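Novice: Got a structure for you, written out below as structure tokens; questions coming shortly.
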Amino acid sequence: AGDRASRPQPWWRARVEALRDIAAARGTPAYVYDLGTVRERARALRGIGAVSRWHYAIKANPHPAILRALETEGFDFECVSPGEVDAVREALPGLDPQRILFTPTMAGDDEFADALAQGLRVTFDCVEAVRALADGRHGGRSIAVRLDIGPGRGQHAHVRTGHDSKFGLPLADLPAFVEAAQAAGLVIDTLHAHLGSGVFDAGHWREVGLQLASLAERLPTVTTLNPGGGLGVPYLPGEPALDLGALGAGLDELRAAYPRLTLAMEPGRYLVAEAGVLLARVSRIKRKGRHVYVGCDAGMHTLLRPALYEAWHPVVNLDRPDAPRTMRADVVGPVCESADNLALDRRLPADTAVGDVLLVDIAGAYGAVMASDYNRRGRPLEIVLDGGAA
Ligand code: LLP
């Protein structure tokens, strides 16, 4: 618990010189990930003893070095597409397919059948997909069902996945789902719900778990509850961090109330967001109307979150880290769109100049993986630091 002031300094504060060297030697825009921070977050989560199985939601950052580091920390993986499954298999050849949880959305029958044939764990969220397996070719296999148990949660409408979204099986359809699974010889061993991303209420996963547990009472084959991911990471200065101790205590209560059931979770952002920064170089400074536009070589094609969700990321001028920040500026990119911004109405050093390196913080989750080659500006580099080595 506690606010940002009481949290440790970000890892890169001790590495400003090294990051400037990386920008000079390798070019920009570049994402830089610190594996030590990923491992530290992984260990903090593994300290929550009530959870027996952790799946890393690789959509947040599928870089192979991160997948390997998290496997070493005892994490399994959650994948939303066949491409993500391939990414895990390429990074970790020989991985037991049961350590990959496949939770697609709106997937066709072939995609489900293929995932089962590969031996993956599979989450379903519609009756028709299970009916398509009625010939019993996967009889005896265990499956999970993703339920829509309530209103969505999270930091922006685009990341809320409850009622009024395409996600999850409506509870009214659960009896039909159970019947279709029985007819196909499939065993429902897991009840799952993920209501959104960027949740700071530490009691949230206990509440979701309790709802799932009460549904499990009528489903004797269920052994596992998965109350999703969505663990929030503070982006704004002073924003309180998620209280992992309280989260764990809530899940302990849940386990004590339902000793028959084990818990799984599937965080993405929490493990990687603070481990990554984006380096960009200032290309143009333009004064127009009331605005100072600081243009750089990273934009919405590099980090889409500000344009798509009005997300707020800290920005620091690495060439002037200690200068007073007296210039009010909009940090924008080189893409031909008015939404092409990284940071609006910020304070930067007044002598910020073309050629300076800017650092965009907390960029390790949903950063590089959401980048595009729009305007043919190219995709960013990704550089991994492990201890001192790049
Ligand atoms: N499980 C399921 C079923 C999910 O849909 C997601 C995220 C996660 C786990 C992991 O959520 P996390 O722990 O990372 O919050 N691009 C957006 C976030 C989209 C999240 C999509 N689903 C962003 O940049 O904020």
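The values are calculated or read from the model by the stated rules, or taken from the named source; none is laboratory data. Not measured: the values here are computed from a predicted model. Heads up, the Cβs are rebuilt from the backbone with ideal geometry, glycines too, and the neighbour counts pull from every protein chain shown.
Novice: Could you pull out every one of the helices (runs of 4 or more DSSP H) wholly within the range 203-318 that has 2 or more residues that are free of Cβ contacts under 8 Å to residues at least 60 places away in the same chain?
Specialist: Values: elements: 204-216, 244-257, 269-272, 305-309.
Once the helices (runs of 4 or more DSSP H) in the range 203-318 are filtered for at least 2 residues that are free of Cβ contacts under 8 Å to residues at least 60 places away in the same chain, what remains is 204-216, 244-257, 305-309.
Novice: What do you reckon, is residue 200 closer than 26 Å to residue 304 by Cα and touching a strand residue (DSSP E or B) at 6+ places or on another chain (Cβ under 7 Å)?
Specialist: No.
Novice: Every residue in the range 176-198 that is more than 26 Å from residue 235 (Cβ to Cβ) and within 16 Å of the ligand (Cβ to nearest atom), please. Break it down into steps so the answer makes sense when it comes.
Specialist: Of the range 176-198, the ones more than 26 Å from residue 235 (Cβ to Cβ) are 176-192.
190, 191, 192 - these are the residues of the range 176-198 that are more than 26 Å from residue 235 (Cβ to Cβ) and within 16 Å of the ligand (Cβ to nearest atom).
Novice: If you don't mind, there's one more thing I want to ask. In the list 125, 201, 109, which residue meets the criterion of being within 16 Å of the ligand (Cβ to nearest atom) and surrounded by fewer than 16 Cβ atoms within 10 Å (Cβ to Cβ)?
Specialist: On the way: 125 fails: surrounded by fewer than 16 Cβ atoms within 10 Å (Cβ to Cβ); 109 fails: within 16 Å of the ligand (Cβ to nearest atom).
None of the other options fit; the residue is 201.
Novice: What about residue 157, is it surrounded by fewer than 18 Cβ atoms within 10 Å (Cβ to Cβ) and away from the ligand (no atom under 16 Å from the Cβ)? Outline the logic, then answer.
Specialist: Details: surrounded by fewer than 18 Cβ atoms within 10 Å (Cβ to Cβ): yes; away from the ligand (no atom under 16 Å from the Cβ): no.
So residue 157 does not fit the description; no.
Novice: Hey, another quick one. For the range 329-342, indicate whether the set of residues that are away from the ligand (no atom under 16 Å from the Cβ), within 28 Å of residue 157 (Cβ to Cβ), without any contact (Cβ under 8 Å) to a residue 12 or more places away in the chain and not assigned by TED's automatic domain parsing to the domain that holds residue 234 is non-empty.
Specialist: Taking every residue of the range 329-342 in turn, at least one turns out to be away from the ligand (no atom under 16 Å from the Cβ), within 28 Å of residue 157 (Cβ to Cβ), without any contact (Cβ under 8 Å) to a residue 12 or more places away in the chain and not assigned by TED's automatic domain parsing to the domain that holds residue 234.
Novice: OK, next. For residues in the range 37-77 being basic (Lys, Arg) and part of a helix (DSSP H, G or I), which is surrounded by the fewest Cβ atoms within 10 Å (Cβ to Cβ)? Before you say what the answer is, go through the steps one by one.
Specialist: First pass over the range 37-77, keeping only residues basic (Lys, Arg): 39, 41, 43, 46, 53, 59, 68.
If we keep only those that are part of a helix (DSSP H, G or I) as well, we get 39, 41, 43, 46, 59, 68.
Values: 39: 17, 41: 24, 43: 11, 46: 13, 59: 19, 68: 13.
Ranking the qualifying residues of the range 37-77, first place goes to 43.
Novice: Only one of 135, 173, 164 is under 30 Å from residue 307 (Cα atoms), surrounded by fewer than 20 Cβ atoms within 10 Å (Cβ to Cβ) and away from the ligand (no atom under 13 Å from the Cβ). Can you tell me which? Lay out the reasoning, then the answer.
Specialist: On the way: 135 fails: under 30 Å from residue 307 (Cα atoms); 173 fails: under 30 Å from residue 307 (Cα atoms).
It is 164.
Novice: Considering each of 195, 231, 210 in turn, give the residue that is assigned by TED's automatic domain parsing to the domain that holds residue 129 and within 24 Å of residue 129 (Cβ to Cβ). First the steps, then the outcome.
Specialist: Values: 231 fails: within 24 Å of residue 129 (Cβ to Cβ); 210 fails: within 24 Å of residue 129 (Cβ to Cβ).
Unique residue meeting the criteria: 195.
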